[in-house]
């Protein structure tokens, strides 16, 4: 284990911003190297002596906490990081992408995607896959990475994964088809020109269920591995 | 054993020392700790690892700025004083000088009274 890793762990658990901790640990290591070089002149185990002179891990952790260092946003406002931010990102991205696609496809507004040139069809397919199958998993992975980095086990992480699954299950770009003649940012099942609430609910629940299950398994496994290694 | 930190009444001294040293030139953490020890004849010593928490706090408050520099093959974070830091140093130094003068006066008076009591009043008493 590298020197001062325990200091890092304790400060992360105390909710201090990871960037500030990283800087502290880097400087402590540089200081230790200088002090070790100086102590070499005195013979014996210079490294051990230098490490003792630096102070115990507890002293170093307390020294930083006493100076009121910046706290991580995910600790200060977990509701914003794990709840609000991903929900806003999903809704805004889906809506903006749908608007941009509608504008781009305006000259061909009377055509169905199957009747458009190949490049447009490829673009529609790419955007559909991105908003429908990638935004949710990417945001879930980001939330998990933030929680792991900050050693969090807050209920907000679970809440965030549920919200990401639900919102990304509903919001996604869709191109016109036989049932839905418009471009849109939400997955609504339609039959005979009318919205099918049950069908929509089943579709959203299915999509959300799959994403939530996969992200929950990943979160539990990675958290368990982190607990073992630290 | 880790170097013992100074007692509670030394609170604020590390900041003062750091700001004073950085007034002359930019320095890195290890250099600052060694310079404080050398310049105060080991009377003031900042814990080897603790100096960085002071430096970071001063930087957050805008009194210092830092940059990474490569010197003799080693990359180090150098700290320099800002205008706000210079102002802060002048205020701190002024406060400390006033305080030190006041304490010195009190201690001198105390020493004088002790001298009077021990050698003059005590001597008079003995004579009686």
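How many of the residues making up region B:27-67 are away from every other protein chain (no Cβ under 11 Å), assigned to a loop (DSSP other than H, G, I, E, B) and farther than 19 Å from residue A:69 by Cα?
Narrowing region B:27-67 to residues away from every other protein chain (no Cβ under 11 Å): B:27, B:35-44, B:62-65, B:67.
Keeping just the survivors that are assigned to a loop (DSSP other than H, G, I, E, B) gives B:40-44, B:62-63.
Restricting the remaining residues to those that are farther than 19 Å from residue A:69 by Cα gives B:40-44.
Within region B:27-67, residues that are away from every other protein chain (no Cβ under 11 Å), assigned to a loop (DSSP other than H, G, I, E, B) and farther than 19 Å from residue A:69 by Cα number 5.
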Given (1) surrounded by 15 or more Cβ atoms within 10 Å (Cβ to Cβ); (2) part of a helix (DSSP H, G or I); (3) touching a helix residue (DSSP H, G or I) at 6+ places or on another chain (Cβ under 8 Å), number of the condition residue A:85 does not satisfy: (3)
Flag for residue A:80 being assigned to a helix (DSSP H, G or I) and more than 14 Å from chain B (Cβ to nearest Cβ): yes
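Listed here are the residues, each with its yes/no results for (1) surrounded by 14 or more Cβ atoms within 10 Å (Cβ to Cβ); (2) free of Cβ contacts under 8 Å to residues at least 12 places away in the same chain; (3) part of a loop (DSSP other than H, G, I, E, B); (4) not assigned by TED's automatic domain parsing to the domain that holds residue A:106.
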{"site": "A:135", "(1), (2), (3), (4)": "yes, no, no, no"}
{"site": "A:160", "(1), (2), (3), (4)": "yes, no, no, no"}
{"site": "A:167", "(1), (2), (3), (4)": "yes, no, no, no"}
{"site": "A:182", "(1), (2), (3), (4)": "no, yes, yes, no"}
{"site": "A:198", "(1), (2), (3), (4)": "no, yes, no, no"}
Condition broken by residue A:30, with the remaining ones in (1) crowded, with 16+ Cβ neighbours inside 10 Å; (2) closer than 18 Å to residue A:143 by Cα satisfied: (2)
Qualifying positions in region A:6-60 - more than 10 Å from chain B (Cβ to nearest Cβ), more than 27 Å from the chain's Cα centre (by Cα) and within 29 Å of residue A:152 (Cβ to Cβ): A:29, A:58
Verdict on residue A:121 being part of a helix (DSSP H, G or I), free of Cβ contacts under 8 Å to residues at least 40 places away in the same chain and within 14 Å of another protein chain (Cβ to nearest Cβ): no
Elements of type helices (runs of 4 or more DSSP H) in region A:1-59, at least 2 residues being more than 30 Å from residue A:147 (Cβ to Cβ): A:18-39, A:46-53
All positions within region B:68-93 that are in contact with a helix residue (DSSP H, G or I) (Cβ under 7 Å, 6 or more places away or on another chain) and not in a helix (DSSP H, G or I): B:76, B:77, B:79, B:80, B:81
Within region A:61-71, tally of residues that are more than 10 Å from chain B (Cβ to nearest Cβ) and surrounded by fewer than 14 Cβ atoms within 10 Å (Cβ to Cβ): 0
Evaluation of residue B:8 against (1) over 26 Å from residue A:36 (Cβ atoms); (2) modelled with pLDDT of 95 or more (one fails), failing number: (2)
Per-region count, region A:97-114, residues at pLDDT 90 or above and loosely packed, with under 12 Cβ neighbours inside 10 Å: 1
Residue satisfying all of: in region A:141-158; in contact with a helix residue (DSSP H, G or I) (Cβ under 6 Å, 6 or more places away or on another chain) and not in a helix (DSSP H, G or I); surrounded by the most Cβ atoms within 10 Å (Cβ to Cβ) among these: A:150
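The values are calculated or read from the model by the stated rules, or taken from the named source; none is laboratory data. Remember, predicted model here, so these are calculated numbers, not experimental data. When we count neighbours, we look across all protein chains shown, and the Cβ atoms used for this are built from the backbone with ideal geometry, even at glycine.
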